[in-house]
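Note sheet for the following structure.
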Amino acid sequence: MDERQEIEALRRELEQANYEYYVLDNPSMSDYDFDHKLRRLEELEAKYPELVTPDSPTQRVGGKVADGFQEVHHRVPLESLQDVFSVEELEEFDQRVREALPDGVEYDVEPKVDGLSVALEYENGLFVRGATRGDGQVGEDVTENLKTIPSIPLRLPEALPSLIVRGEVFMPKKSFERLNEERELRGESLFANPRNAAAGSLRQLDPKIAASRGLDIRVFNIQWAEGRTFTTHSETLEYLQQQRFKVIPHDTCQTIAQAAERIRAMGEGREAYPFDIDGAVVKVNNLAEREILGSTAKFPRWAAAYKYPPEQKPSRVVDIVVQVGRTGVLTPKAVVEPVRLAGTTVTNATLHNQDFITEKDIRIGDTVLVQKAGEIIPEIVEVLKDRRPEGTEPYHLPDHCPVCGAPVVRDEDGAHIRCTGAECPAQRLRHLVHFASRDAMDIEGLGPAVVESLVGAGMVQGPGDLYHLDGEEVAKLERMGKKSAENLLAAIEKSKSNDLSRLLFAFGIRQVGQKAAKVLAARFGSLDALMAAGEEELTAVPDIGGITAQSLISWFQSPQSRHLIETLREAGVNLESHEAPAGDKLAGKTFVLTGALERFTRDQAGAMIEAQGGKVSGSVSKKTSYVVAGEAAGSKLRKAQELGIPVLTEEEFLALFEEA
């Protein structure tokens with residue numbers, strides 16, 4: 001077999017493996033073999049770039065970041081559906097249908113996936129374009145992002161001249177949980193629900209981000225098929241399944257009563273679906289009868305969406321427990337007497353935060369209405385105060401962490417209460433991930449997955465333990481190996497010599513970001529000197545206000561913080577600033593740097609300014625003290641000249657430091 005034949009053979013093998021894994025959920029090839037064959041295909045396509053095709057498995061992740069999304073005018077409008085909210089309204093829909101079709105009608109019933117509707121276009125069997133629904137007439141071209149969804153076939157077994165199918169992109173529940181866990185570890189805001197996460201992922205300008213989100217799809221309609229005719233909707237779904245699409249699960253019903261029963265069963269069994277559902281869709285099965293029924297200006301007359309109402313039931317609050325999340329947020333949870341809701345038994349309900357508890361005046365012993373709509377976490381809707389027993393008391397979150405005992409503080413926006421413990425076990429993963437991050441100690445190779453493995457194996461409890469790892473033990477971890485372990489330990493060893501400013505930022509002290517860490521390290525010179533500083537000394541430092549000063553003092557006074565510092569000191573981590581203690585000769589001065597500087601970079605110049613108490617700004621205003629202009633300075637220089645702001649050459653800029 002020559003290399004060109006090998007390319008075709010590899011594509012067929014990988015295509016089949018993708019289909020079995022992502023569509024049939026019945027893999028026949030190991031991950032190792034798949035990765036090995038994919039790498040070989042990439043090598044061959046690099047050697048023969050003229051043989052690369054749009055449907056190749058290597059094209060699943062686009063490398064190009066889009067400038068924006070182009071508009072797509074849908075060849076066939078992507079209509080929305082009329083909502084019905086009760087069996088009575090469903091029967092009224094059936095009555096309208098039967099008035100137009102007196103000889104009887106057959107319905108197809110499908111779960112209504114709570115995701116993002118898209119149209120997939122194929123020409124001669126190849127996937128050429130994908131677009132969001134938009135307003136039904138015009139959507140956005142998200143082709144490259146859709147290509148990253150492994151369950152979307154890039155080439156179909158039957159090459160029709162033109163085929164357009166409609167489906168719902170969603171984020172599986174497991175992918176959603178994993179994504180939010182990773183975001184929480186990085187201290188990022190969490191997605192509210194899988195639908196928002198799916199929509200946000202599909203509209204990323206960088207396809208690699210979309211590829212990392214684990215999106216999936218279920219197709220549920222043929223919009224256009226050139227060269228094929230069908231009699232029923234269920235027949236089209238069977239055809240789509242033959243074309244290797246992941247098709248929506250569906251049932252054919254002879255009467256609206258059967259459809260209503262199927263809708264009820266779907267609602268009770270919604271937990272079993274890998275996707276969120278917010279209802280069920282009832283469609284006339286016969287395609288010719290759909291043509292007779294037609295559409296209104298807004299909806300097709302041959303379909304309706306049954307929306308499940310949020311079910312509410314009373315229960316009693318047995319207790320209120322407080323959990324500490326990976327970011328230190330204290331989250332109260334009501335333990336309620338078991339109650340059956342939306343097909344599951346509920347024993348807990350979220351209380352969000354102290355403001356939520358206070359607003360609704362929720363107390364232990366109260367009888368409350370509990371609600372669970374779709375897959376949303378159960379929550380308390382209302383307190384039935386006429387059933388409140390005597391002797392109950394208002395509930396307040398503790399003022400110390402229930403896990404480690406450290407004091408808690410309220411966020412500036414007042415929404416959350418957080419633990420301040422530097423070694424709080426509940427925050428262990430988050431602290432370690434932040435400690436190792438690029439802007440902190442910059443330990444290459446120590447990402448969330450590796451941190452989780454180290455903690456799970458009991459090798460690491462806190463940052464100090466990183467500096468005592470055994471290379472042989474690390475090499476035994478899943479997906480590590482000897483070379484990876486050696487590289488990781490080398491990166492950890494290298495981090496010992498980092499500047500104090502990096503360590504300060506790595507501590508994760510509230511109010512102390514990168515800039516404040518640099519200013520403090522330069523001004524005090526050592527961690528010991530900074531720890532000994534009082535509020536007056538701290539607030540004398542530019543950009544350090546009273547709140548930041550108090551945050552620093554409180555953090556350094558904590559026994560957990562002092563223990564952490566001692567473990568790092570004993571491990572040989574540098575606690576000194578590489579810069580000489582900062583001066584204040586440029587205090588109150590604001591600089592703008594523009595153009596190409598010859599003797600130093602802008603970052604170096606900025607560090608020099610901050611080391612003498614000055615500030616660096618990105619824009620020129622009346623408050624600017626000096627503009628330092630290098631070669632090819634542009635609009636900032638012109639604005640400085642218009643405002644009469646002093647403009648310095650590099651030599652004049654350096655002269656300021658000679659004076660200092």
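Can you tell me which residue within the range 188-215, out of those that are among the aliphatic types (A, V, I, L, M) and in a loop (DSSP other than H, G, I, E, B), is surrounded by the fewest Cβ atoms within 10 Å (Cβ to Cβ)? It would help to see each step written out before you state the result.
Of the range 188-215, the ones among the aliphatic types (A, V, I, L, M) are 190, 192, 197-199, 202, 205, 209-211, 215.
Checking which are in a loop (DSSP other than H, G, I, E, B) leaves us with 190, 192, 205, 215.
Numbers: Leu190: 15, Ala192: 10, Leu205: 15, Leu215: 25.
Here the answer is Ala192.
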Helices (runs of 4 or more DSSP H) within the range 522-625 that include 1 or more residues in contact with a Gly (Cβ under 8 Å, 6 or more places away or on another chain): 535-539, 546-557, 559-571, 602-611
Matching option when the condition is within 23 Å of Leu293 (Cα to Cα), touching a Gly at 6+ places or on another chain (Cβ under 8 Å) and modelled with pLDDT under 95, among Glu89, Glu79: Glu79
Odd one out for Ser437 among (1) crowded, with 17+ Cβ neighbours inside 10 Å; (2) closer than 30 Å to Asp276 by Cβ: (2)
Some residue of the range 307-324 being in contact with a Gly (Cβ under 6 Å, 6 or more places away or on another chain) and of a type in the set (D, E, K, R): yes
Candidate set from the range 164-187 (those that are of a type in the set (Gly, Ala, Ser) and either out of contact with any strand residue (DSSP E or B) (no Cβ under 7 Å at 6 or more places or on another chain) or not in a strand (DSSP E or B) (or both)); member that is nearest to Lys246 (Cα to Cα): Ser175
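Which one of Val627, Val616, Val647 is among the β-branched types (Val, Ile, Thr) and in contact with a Phe, Trp or Tyr (Cβ under 6 Å, 6 or more places away or on another chain)?
Numbers: Val627 fails: in contact with a Phe, Trp or Tyr (Cβ under 6 Å, 6 or more places away or on another chain); Val647 fails: in contact with a Phe, Trp or Tyr (Cβ under 6 Å, 6 or more places away or on another chain).
Result of the check over Val627, Val616, Val647: Val616.
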Test: residue in the range 223-236 that is modelled with pLDDT under 95 and under 30 Å from His416 (Cβ atoms): no
All positions within the range 220-271 that are within 15 Å of Arg290 (Cβ to Cβ), aliphatic (A, V, I, L, M) and part of a helix (DSSP H, G or I): Leu237
Answer from Gln223, Gln254, Gln258 - the residue that is closer than 19 Å to Phe127 by Cβ and surrounded by fewer than 20 Cβ atoms within 10 Å (Cβ to Cβ): Gln223
One residue from Gly458, Gly471, Gly447, Gly513 being without any contact (Cβ under 8 Å) to a residue 12 or more places away in the chain and either of a type in the set (Lys, Arg) or more than 30 Å from Leu538 (Cα to Cα) (or both): Gly458
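Can you name the residue in the range 124-133 that is touching a residue at least 40 places away in the same chain (Cβ under 8 Å) and over 12 Å from Leu146 (Cβ atoms) and, of all such residues, is surrounded by the fewest Cβ atoms within 10 Å (Cβ to Cβ)? Talk me through it step by step, then tell me what you get.
From the range 124-133, those touching a residue at least 40 places away in the same chain (Cβ under 8 Å) are 126-129, 131-133; that's our starting set.
Adding the requirement that they be over 12 Å from Leu146 (Cβ atoms) leaves 126, 133.
Working: Leu126: 15, Arg133: 20.
If we take residues in the range 124-133 being touching a residue at least 40 places away in the same chain (Cβ under 8 Å) and over 12 Å from Leu146 (Cβ atoms), then Leu126 is surrounded by the fewest Cβ atoms within 10 Å (Cβ to Cβ).
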Residue check, Asp94 farther than 20 Å from Thr236 by Cβ, acidic (Asp, Glu), modelled with pLDDT under 90 and crowded, with 17+ Cβ neighbours inside 10 Å: no
Residue, surrounded by the most Cβ atoms within 10 Å (Cβ to Cβ), within the range 346-377, restricted to residues that are closer than 27 Å to Pro194 by Cβ and touching a Ser or Thr at 6+ places or on another chain (Cβ under 7 Å): Val368
Filtered residues of the range 272-305 (kept if touching a strand residue (DSSP E or B) at 6+ places or on another chain (Cβ under 8 Å), in a loop (DSSP other than H, G, I, E, B) and in contact (Cβ under 8 Å) with a residue 40 or more places away in the chain): Tyr273, Pro274, Phe275, Asp276, Asn285, Arg301, Trp302
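Confirm whether Ala532 is surrounded by fewer than 20 Cβ atoms within 10 Å (Cβ to Cβ), closer than 19 Å to Leu503 by Cβ and not basic (Lys, Arg). It would help to see each step written out before you state the result.
Numbers: surrounded by fewer than 20 Cβ atoms within 10 Å (Cβ to Cβ): yes; closer than 19 Å to Leu503 by Cβ: yes; not basic (Lys, Arg): yes.
For Ala532, the condition - surrounded by fewer than 20 Cβ atoms within 10 Å (Cβ to Cβ), closer than 19 Å to Leu503 by Cβ and not basic (Lys, Arg) - is met.
The values are calculated or read from the model by the stated rules, or taken from the named source; none is laboratory data. All values reported here derive from a predicted model rather than from experimental measurement. Every residue, glycine as well, gets a Cβ built from its backbone with ideal geometry; the counts of neighbours run over all protein chains shown.
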